[in-house]
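The values are calculated or read from the model by the stated rules, or taken from the named source; none is laboratory data. As the structure is a prediction and not an experimental result, all values here were calculated from the model. Heads up, the Cβs are rebuilt from the backbone with ideal geometry, glycines too, and the neighbour counts pull from every protein chain shown. What goes into the accessible areas is simple: the full protein's heavy atoms, side chains included, and nothing from ligands, DNA or RNA. Shrake-Rupley method; radii C 1.70, N 1.55, O 1.52, S 1.80 Å.
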Amino acid sequence: MIKLRFVIVFFVSIGLFSCDDTQVFDEYQTVSETWEIDEKIRFTLPKLDSTQTYNLFINIRNNNAYRYSNLFLISEIKFPNGKVVADTLEYQMTLPNGEWLGTGFSDLKENKLWYKENVKFVEDGEYTVTLEHAMRKNGESEGIYSLEGITDVGLRIESAQNP
């Protein structure tokens, strides 16, 4: 029991004190028991340096209740001038043998998924990123209303330039 506590404290300490020079923004929102099809997850971005370029990632935490090998998302970036850029994204969540991708010690896995590369935020004002799931069963046009197994959805922004 003491060894287990030591290992947990060791890894938590590394996570808290490790240097991450590229991180600019990293925020998670917890999903209730299920992620409803009309539930939009919004992130309001901080003011970013308009001369810098950034890489954007979507972070997904899932557990064994997630029953699919992939994940479809609809993303939107709303610019300060009102323009909206929408994308439909697909991410693999498992290997072909069904083994979860991502990191984690238990049944909770975390995936850091590429979203956008070398982005500049040149307009003054508020940027908002919105994410919603777009999952459907094969051969069906109706979406899955209540998606189980996704526990948290995050957005991470990193500096694209090396420090």
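Specify which labelled value, from [x] 16.8; [y] 17.5; [z] 16.2, agrees with Kirkwood radius over Cα pairs in Å derived from the coordinates of the model shown.
[y]
Using a 1.4 angstrom probe on heavy atoms only, work out the carbon and sulfur share of the accessible area of the chain in %. Walk me through the intermediate numbers first.
Numbers: 5260 of 10150 Å².
Answer for the chain: carbon and sulfur cover 52 percent of the accessible area.
In Å², and per residue, what accessible area does the chain have when probed at 1.4 Å with the other protein chains present? Show your work: numbers first, answer last.
On the way: 10150 Å² over 163 residues.
Each residue of the chain exposes 62 Å² on average to a 1.4 Å probe.
Return the FRET efficiency for the residue pair residue 63, residue 123: r is the Cβ-Cβ distance, R0 is 45 Å, and the value is rounded to the nearest 0.05. Walk me through the numbers on the way to the answer.
Details: r = 38 Å, r/R0 = 0.85.
The computed FRET efficiency comes out at 0.75.
What 222 nm value per residue comes from the helices of the chain, counting each DSSP H run with n ≥ 4 as -39,500 (n - 2.57) and dividing by all residues, nearest 500 deg cm²/dmol? Show your work: numbers first, answer last.
Working: 1 runs with 16 residues, N = 163.
Helix contribution divided over all residues of the chain: -3500 deg cm²/dmol.
What is the spin-label model distance, in nm, from residue 146 to residue 23 if the labels are put 7 Å beyond Cα along the C-beta direction?
3.4
Enumerate the lysines that residue 47 could reach by cross-link, defined here as Cα to Cα under 26 Å, with residues fewer than 8 away along the same chain left out.
78, 83, 112, 116, 120
If packing is taken as the mean number of other Cβ atoms within 10 Å per residue, what is the order of 31-39, 83-91, highest first? Write down the numbers at each step before the final one.
Values: 31-39: 14.4, 83-91: 11.0.
Going from most to least packed, we get 31-39, 83-91.
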